[in-house]
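Working notes, beginning with the structure itself.
Derivation of every value follows stated rules applied to the coordinates shown; laboratory data play no part. As the structure is a prediction and not an experimental result, all values here were calculated from the model. Counting neighbours? That spans all protein chains shown, and the Cβs are built from the backbone with ideal geometry, glycine included.
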Amino acid sequence: MNTVAIVLRENDLFHNIPLNVPFPARPIDLTFLLDGSRSFESSEFYSFLDCIQYLVNRLLDVRLAVATFNTKTKIPIYLDQYLSKSDMISGLNESVVYPNKAGNQLGQALLDVHSDIYNQARGDREEAIDVLLVLLSPNDMTKANLSDDADYIKSAGIHVITAGIGSSEEGLEIMRQVASEPVEKHIFNVNFTDNLYIVYESICNTINTIP
């Protein structure tokens with residue numbers, strides 16, 4: 001595959017980007033919401049960081065935030081915290097740790113991301129596309145108010161992508177409730193965290209083609 005080398009900005013990493021990768025319409029403010037429940041072992045949780053690093057490296061004008069959820073939401077990285085890709089990757093490895101706690105309050109986590117991350121005081125850019133990628137085991141999520149909470153943040157202009165691990169039919173329905181339209185382009189599912197790499201590029205293309 002032919003590639004073109006692009007320098008993103010001073011202090012950013014240097015990347016070879018395939019010519020056929022779509023370019024985003026606007027800058028991207030990207031939040032990863034990670035399932036921090038005991039549905040995942042420590043090694044599985046840290047597989048999520050590989051996905052984050054891949055997408056940070058592949059996307060162009062991107063800012064990064066990371067949140068984890070179980071019974072509570074924690075935000076180790078805000079959008080205004082790291083402005084170069086190299087700092088984002090370093091901060092990711094230093095700041096995001098396996099919570100090892102029970103709980104599956106996804107709806108509240110969505111609201112927390114909306115209020116605490118996507119505001120200009122914490123680096124949300126008015127001109128940017130707001131994208132939330134939820135990495136989770138969807139089979140045992142608390143369902144109360146989830147659909148309403150998801151609709152609320154989507155109505156606020158946040159584009160939601162869900163990537164599930166080992167999803168049952170019930171879990172897939174949870175992902176459909178949370179994901180943006182068209183749903184078939186905004187939900188991804190793999191059997192194990194080790195298989196997440198299979199959908200990295202498809203997720204990247206979905207983000208880059210958001211209008």
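Taking a straight Cα-Cα cut-off under 26 Å and skipping sequence neighbours fewer than 8 places away in the same chain, the lysines within cross-link reach of residue 101 are 72, 74, 143. In the chain, a dipole from Cβ-located charges (positive for Lys and Arg, negative for Asp and Glu) runs towards its positive end, and of 52, 91, 199 it is 91 whose Cα lies farthest in that direction.
Note on 78, 197, 98: ascending count of other Cβ atoms within 10 Å places them as 197, 98, 78, the fewest first.
Modelled spin-label separation between residue 115 and residue 102, with each label point placed 7 Å from Cα along the Cα-to-Cβ direction: 2.6 nm.
Modelled this way, with points 7 Å down the Cα-to-C-beta line, the labels at residue 194 and residue 140 are 2.2 nm from one another. Considering all different alpha carbon pairs of the chain, the Kirkwood hydrodynamic radius works out to 17.1 Å.
Remark: the residue 155-residue 53 segment gains 33.9 nm on full extension, using 0.36 nm per residue and subtracting the alpha carbon distance.
Of all beta bridges that DSSP places with both ends in the chain, some 25 percent have antiparallel geometry.
Run down the lysines and flag those whose C-alpha is under 17 Å from the C-alpha of residue 185, throwing out any fewer than 8 positions away in its chain. Within reach: 154. In the chain, a dipole from Cβ-located charges (positive for Lys and Arg, negative for Asp and Glu) runs towards its positive end, and of 120, 157, 178 it is 120 whose Cα lies farthest in that direction. Using the Cβ of residue 128 as centre and a radius below 9 Å, the other residues enclosed give a net charge of -3, where K and R count +1 and D and E count -1.
Annotation: extensible slack from residue 71 through residue 168 equals 32.7 nm (criterion: 0.36 nm per residue apart, minus Cα-Cα distance). Could you tell me the center-to-center distance, by alpha carbons, between region 115-161 and region 77-101 in angstrom? Here the answer is 19 Å between Cα centres.
Each Lys and Arg contributes +1 and each Asp and Glu -1, all at the Cβ; summed about the Cα centre of region 28-209, the dipole is approximately 260 debye.
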